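Since the structure comes first, as structure tokens, the remarks are kept for the end.
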Amino acid sequence: MNESKYVKRTFYPIGHGAFYAERFHIDDASRDYIIIFDCGCFEAAKPGVSSKDFEERIDEIINDAFAEGTIIDALFISHFHADHINGIDHLMTRCKVQKVFVPKLSLSMVVETYMYYKDIGIDSSFGLFDRIIESEGKFINDVPVIQIEASDEVSISSSVELESATEATMPSGGILTVNKIWKYIPYYVTSTNDSNLVQDLRRELASCKKILTGNLYEDSKIIKDFLESIGIEKCKRLYEKHYGKKHNCYSMTLLSKPYLCNGQCKKQCRKFGHNHMLCYAACLYMGDFDAANSANLENLKNFYTNHKCWDKIGLIQVPHHGSENNYNEELYTIPKFCMISAGKTDSYEHPDNTTLINLYQKRCVPIIVTEDAKTKQEFLIDLSTISLGDQQNLASTSNNFNFEQL
């Protein structure tokens, strides 16, 4: 491998949660370029372990991964459940995060998020989600937030340069590129059931004499009062009516891939048994995406197929820690490396045996990353073998890598 020019993709051993990073290293550049997808772990997933123990664990992993003052060029948050975000405060204290990307906030998502925190017994007040709400969706502390709009369309939107992105929202299909070397393509879709759910929520709000102003951020207190009025169990039933009992409706995905990729970069491939060569250059981070919903998965597949990259994805973060409730065989039609973040003694018993069996049957390679430091996974991608675009001299960049518009 060309040691002076590579991407290191790391799946950190935090147990039940999600904390993944990509570090671009170019010897002659002034610094490394870093993106992170989610940053959290969940103490309630492990019986007998205090929240303090888990806070110390993820803080220690963050400290080990990044020197104080490290610039994080982009942080992508799949959704706002604790096991995906509760390390972010420490990350922001230790590092200099430049931009945060989140799924587009909506009435149904805000209700679900507050319901989730109330259900697990955590006060959301003064938490990361409330800070986004209080800033009208524009900041976490003083870090700009860009919301990825929900879309069920497969069209490719215009590219966006990271440094010049000033709008509060970005469409699904917007492409972030690194010097015509790399692409990041976020995608967020809500179920077709969501509009019916919103109608039910509005009816319940009206029955409780909770009148929304139409401003989502001003309505947050009304939403909290509404949950107190009707109770968590009744609100759960509203969501179960449209999504079933075990649902994850509001999770954003992120595709990370070379700018140009034919899926045949031999140095980024590994052969396992009867499998064909598996190329791990292109990775799909899925958070807790509801892949079991066939319409959601079809939209996802069509979206990335339209980007001409669906069949090039050789590495995937298995959604929702390997839960069978998020499994869909169509996601694994082409054999892949399948990364699963789960605790060794996870009270949710993730990953489910049925998920593992199905992955093996699909000729995939499941790799479980737990809280054991020995399970940390790193993939080194030699940029010299896959950077096929019209590259610029990265050494000429002053403070960080430039994003080029397609």
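With respect to residue 155, determine if the residue is touching a Gly at 6+ places or on another chain (Cβ under 8 Å), open to solvent by 10 Å² or more (accessible area, probe 1.4 Å), farther than 27 Å from residue 239 by Cβ and at pLDDT 75 or above.
No: the conditions fail for residue 155.
How many residues are surrounded by fewer than 16 Cβ atoms within 10 Å (Cβ to Cβ), in contact (Cβ under 8 Å) with a residue 12 or more places away in the chain and of a type outside the set (A, V, I, L, M, F, W, C) if we restrict to the stretch 57-78?
Total satisfying the criteria: 3.
Every residue, every condition in (1) open to solvent by 30 Å² or more (accessible area, probe 1.4 Å); (2) in a strand (DSSP E or B); (3) out of contact with any Gly (no Cβ under 8 Å at 6 or more places or on another chain); (4) more than 26 Å from residue 241 (Cβ to Cβ), yes or no:
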| site | (1), (2), (3), (4) |
| --- | --- |
| 167 | yes, no, yes, yes |
| 174 | no, no, yes, yes |
| 192 | yes, no, yes, no |
| 196 | yes, no, yes, no |
| 204 | yes, no, yes, no |
| 214 | yes, no, yes, no |
| 217 | yes, no, no, yes |
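Considering each residue of the stretch 79-103, count those that are open to solvent by 10 Å² or more (accessible area, probe 1.4 Å) and assigned to a strand (DSSP E or B), and give that number.
2
Assuming residue 168 fulfils every condition listed in (1) under 30 Å from residue 299 (Cα atoms); (2) at pLDDT 85 or above apart from one, which condition is it?
Checking residue 168 against (1) under 30 Å from residue 299 (Cα atoms); (2) at pLDDT 85 or above, the one that fails is (2).
Just the residues that are under 23 Å from residue 250 (Cβ atoms) and either open to solvent by 10 Å² or more (accessible area, probe 1.4 Å) or in contact with a His (Cβ under 8 Å, 6 or more places away or on another chain) (or both), please, taken from the stretch 306-320.
Matches in the stretch 306-320: 306, 307, 310, 320.
Could you check the stretch 7-46 and list, in sequence order, the residues that are free of Cβ contacts under 8 Å to residues at least 60 places away in the same chain, outside any loop (DSSP other than H, G, I, E, B) and open to solvent by 10 Å² or more (accessible area, probe 1.4 Å)?
Of everything in the stretch 7-46, those that are free of Cβ contacts under 8 Å to residues at least 60 places away in the same chain, outside any loop (DSSP other than H, G, I, E, B) and open to solvent by 10 Å² or more (accessible area, probe 1.4 Å) turn out to be 23, 25, 43.
The values are calculated or read from the model by the stated rules, or taken from the named source; none is laboratory data. Just so it is clear, the structure is predicted and the values come from calculations on it, not from any experiment. Here Cβ is always computed from backbone atoms with ideal geometry, including for glycine, and neighbour counts include all displayed protein chains. With ligands, DNA and RNA removed, areas are computed over all heavy atoms of the protein, side chains included. Shrake-Rupley method; radii C 1.70, N 1.55, O 1.52, S 1.80 Å.
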